Each structure stands twice: as C-alpha cells, then as structure tokens.
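Report on the following structure.
The values are calculated or read from the model by the stated rules, or taken from the named source; none is laboratory data. Fair warning: this is a prediction, and the values are worked out from it, not measured in the lab. Ideal geometry is used to build each Cβ from the backbone, glycine not excepted, and the neighbour counts take in all protein chains shown. The area values use the complete protein model at the heavy-atom level, side chains included, leaving out ligands, DNA and RNA. Shrake-Rupley method; radii C 1.70, N 1.55, O 1.52, S 1.80 Å.
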Amino acid sequence: MTGVTITQLLKQLAGGQVAAPIYVIMGEMPYFQHRLKTAFKQLVPSEEQTMNYASYDLETVPLAVGLDDAMAAPFFGERRVVCLDNPVFLTGETKKSKVDHDLNSLEQYLTAPMASTVLVFFAPYAKLDGRKKIVKQLKKVATTIELGDFAEREVRQFFQAQLKQDGYTMVPAALNDLIQRTDADLSLMMNEREKLELYTLPEHEIQAAAVQGLVRQTLTQNVFDLVNRVLAKNTAGAVALYRELLQAKEEPLRINAILQGQFRLLIQTKVLAQQGYSQGKLASTLKVHPYRIKLALQTHRRFHLDDLNRAYLGLFKVERQMKSTALDPELLFSLFMTQFAGQRATV
C-alpha cells in the first residue's frame with residue numbers, strides 16, 4: 001500500500017485514526033521510531049494498556065508469540081496494539097537468527113488481519129528484501145513509513161518547529177553549532193533539546209553559549225576536526241586533539257577506523273565530484289548522510305588527492321602496528337603525523 005509521511009501519520013494517530021490494520025516503520029532514526037511507538041501505544045487508553053498493548057523484540061522472542069497476541073480479541077476494550085521490533089527476516093540478512101520464526105503463520109495472518117488489532121513492524125533497516133514472498137505479501141496490505149535521512153534543511157526546519165511548539169527560539173549561531181556538534185543527527189539534537197530549554201529559562205531564547213557549554217561533539221565530529229588538522233599538517237594540534245580523545249576514553253582502534261572512514265569519504269567525494277556528481281547524487285551513491293557529504297565537499301577542494309591517499313594509506317599502517325605491536329597509540333599517531341607532514345603532495 002502507498003505509504004504516508006511521518007507528519008501525516010503522527011497527526012492521524014494523535015486523532016485516534018488508523019488507516020490500516022498493519023504498519024511497517026522502516027529506517028534508522030531512533031527519535032522517530034520512539035515517537036511513533038509512543039503514538040501507537042496511546043491509541044489504547046492508559047487504563048487498558050496493560051492488557052491491550054504489547055511490544056516484542058523479535059531478536060529474542062519468536063514471531064508466533066506476537067502473532068498470538070495480535071489474534072486475540074481486545075480485553076474489555078475496542079482495540080489492541082501489538083508492536084514487533086527488529087523483523088530481520090524481512091531483510092536480506094543471511095546471519096542465522098537466534099530465534100526460529102514461523103513465517104507461514106505470518107502469511108496466513110496477512111490474508112485476514114484481525115480487524116480490532118493494529119500490528120506494527122518496527123524495521124530499523126535501510127530496505128527490505130523485495131524478492132521475498134513474505135515481503136511482497138506484507139507490502140500489499142501494510143501502510144509503510146520510510147524514515148529516510150533528513151537533509152540538513154529539513155533537520156533545521158523540524159527542530160525549529162519543535163522549539164516553537166515548546167515556546168522557544170534559537171539564535172542562528174546556536175543552531176549552526178548544534179548542527180555541527182551532532183552531525184545534523186536529528187535524534188541527537190532532540191535528545192539535547194530539553195536540556196537546552198531548561199538551561200535557557202526564563203528567557204526562552206537559546207544562545208550559542210548554551211550549546212557550547214552543554215552539548216559535546218560526537219566522536220565523528222571530533223575526528224572530522226582531527227582530519228582537518230592532519231591535512232593542514234598541523235602536527236602539534238593533531239596530536240593534542242588525539243590525546244584529548246584518548247583521555248576521554250575513546251578506543252584507539254575506533255578513532256583510527258573513523259579517521260580512515262573520513263579519508264575514504266574525502267577521496268570518494270573528490271573523485272566523483274570531479275566527474276560531475278552533485279551533493280544529492282553523492283549522498284545517494286555513497287549511502288552517506290547529506291550533512292557529511294556537505295562537509296566533505298567543503299574540505300576536499302582545499303587538498304590534493306595525493307595527500308588524501310597518503311594519509312589514508314598511512315592510517316592503515318598505524319592500524320596494523322596497533323594490532324601487531326605493543327607500541328603506545330599516541331606515539332604511533334605522532335610518528336604518522338611527523339612522516340605525513342614532512343612530505344609534499346606531488347599531484
């Protein structure tokens with residue numbers, strides 16, 4: 001069935017309206033996953049929720065348990081809501097599940113869904129395996145909501161709308177800083193919202209100082225800053241930031257892996273941008289959040305492809321040394337920086 005937007009569905013659920021007996025919520029946006037689950041739960045009056053609302057994690061609970069609940073009549077109420085999380089059997093994932101799921105029972109249920117039950121699959125995946133019989137059957141009867149990555153503009157608009165609804169405003173510099181510190185991740189931004197609002201009382205206008213004082217940068221954003229220092233061949237600054245990350249108990253191998261990922265993205269962005277790829281096409285081709293592509297586009301133009309490649313290969317050498325020697329990670333990174341900063345790009 002044709003899907004609806006997140007906003008449309010939230011509005012319908014707030015009004016107690018149900019457009020279909022089965023829903024599939026797709027995508028890896030925890031904020032909206034949580035908000036929609038709360039909205040579905042509220043379809044059942046609070047005094048009835050103990051008997052008429054249930055949520056099961058299919059990574060640990062057999063599908064049959066959830067279906068038994070879905071096929072039961074509401075207990076002294078008009079509606080039953082059953083939420084099923086992590087239906088990995090709808091994807092192309094080949095890893096053997098810890099739980100056996102009876103898909104034949106689900107096929108039978110889909111032919112005649114219980115009219116008094118709202119069955120919701122929360123699938124935190126980029127896509128389902130459309131080749132599977134069960135997926136084809138599900139798509140015919142379910143309303144599908146796709147929680148794709150928001151573009152930065154959409155993130156700004158949604159976040160500002162939420163602030164306005166709460167009676168708050170945010171100065172542009174503060175919003176820009178929040179976007180940067182959270183990598184434009186709406187879930188992270190919404191997690192910080194209440195803290196920022198409480199801090200701002202009674203003025204109700206969030207200033208840049210509040211963001212700087214309360215919101216920590218993500219590891220990815222810290223590593224992006226580290227990338228810029230590496231490419232600027234600022235050895236002292238790069239080593240100092242690397243030391244700060246270690247002092248913050250970040251794992252050296254994890255830091256190195258994210259560093260490699262950032263350089264790989266810069267190389268891919270530079271090569272594809274030279275072939276005429278737009279920002280939107282880069283994001284879809286590389287399957288990367290649009291905000292990360294925006295930052296990569298701003299960065300790659302300032303540096304030679306030769307430098308990007310040498311840094312990327314140098315970090316692979318650091319990774320091998322971390323895994324095969326007992327040398328101090330900070331020392332290994334310092335040696336990498338000394339060598340990298342001492343070489344000139346030839347391209």
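Side notes on the structure shown:
- Some residue of segment 154-177 being within 20 Å of LYS37 (Cβ to Cβ) and in contact with a Pro (Cβ under 9 Å, 6 or more places away or on another chain): no
- Those residues of segment 43-68 which are open to solvent by 20 Å² or more (accessible area, probe 1.4 Å), assigned to a helix (DSSP H, G or I) and either in contact (Cβ under 8 Å) with a residue 24 or more places away in the chain or of a type outside the set (D, E, K, R) (or both), in sequence order: SER46, GLU48, GLN49, THR50, MET51, ALA64, VAL65
- Of all the listed residues (LEU308, LEU313), the sole one being within 30 Å of ALA184 (Cα to Cα) and open to solvent by 80 Å² or more (accessible area, probe 1.4 Å) is LEU313.
- Only one of the numbered conditions (1) under 30 Å from MET190 (Cβ atoms); (2) at pLDDT 95 or above is violated by GLN33, and that is (2).
- Considering residues of segment 82-116 that are of a type in the set (S, T, N, Q) and under 29 Å from the mean Cα position of the chain (by Cα) only, the residue nearest to PHE40 (Cα to Cα): ASN86
- Condition met for PHE40 (part of a helix (DSSP H, G or I) and either crowded, with 17+ Cβ neighbours inside 10 Å or on the phi > 0 side of the Ramachandran plot (or both)): yes
- When PRO74 is tested against (1) closer than 23 Å to PHE159 by Cβ; (2) in contact with a Lys or Arg (Cβ under 8 Å, 6 or more places away or on another chain), exactly one condition is not met: (1).
- Of all residues in segment 196-222, those being within 30 Å of TYR242 (Cβ to Cβ) and either open to solvent by less than 70 Å² (accessible area, probe 1.4 Å) or more than 21 Å from the chain's Cα centre (by Cα) (or both) number 15.
- Test: residue in segment 179-193 that is in a loop (DSSP other than H, G, I, E, B) and open to solvent by 40 Å² or more (accessible area, probe 1.4 Å): yes
- With a requirement of 2 or more residues that are among the hydrophobic types (A, V, I, L, M, F, W, C), under 19 Å from ALA232 (Cβ atoms) and over 29 Å from the mean Cα position of the chain (by Cα), the helices (runs of 4 or more DSSP H) lying completely within segment 245-347 that satisfy it span 329-341.
- One residue from ARG292, ARG302 being charged (D, E, K, R), closer than 30 Å to PHE150 by Cβ and surrounded by 19 or more Cβ atoms within 10 Å (Cβ to Cβ): ARG292
- In segment 93-102, the residues that are open to solvent by less than 50 Å² (accessible area, probe 1.4 Å), of a type outside the set (Ser, Thr, Tyr) and in contact with a helix residue (DSSP H, G or I) (Cβ under 7 Å, 6 or more places away or on another chain): HIS101
- Being out of contact with any strand residue (DSSP E or B) (no Cβ under 7 Å at 6 or more places or on another chain), buried (at least 19 other Cβ atoms within 10 Å of the Cβ) and under 19 Å from VAL211 (Cα atoms) is a property that holds for LEU175.
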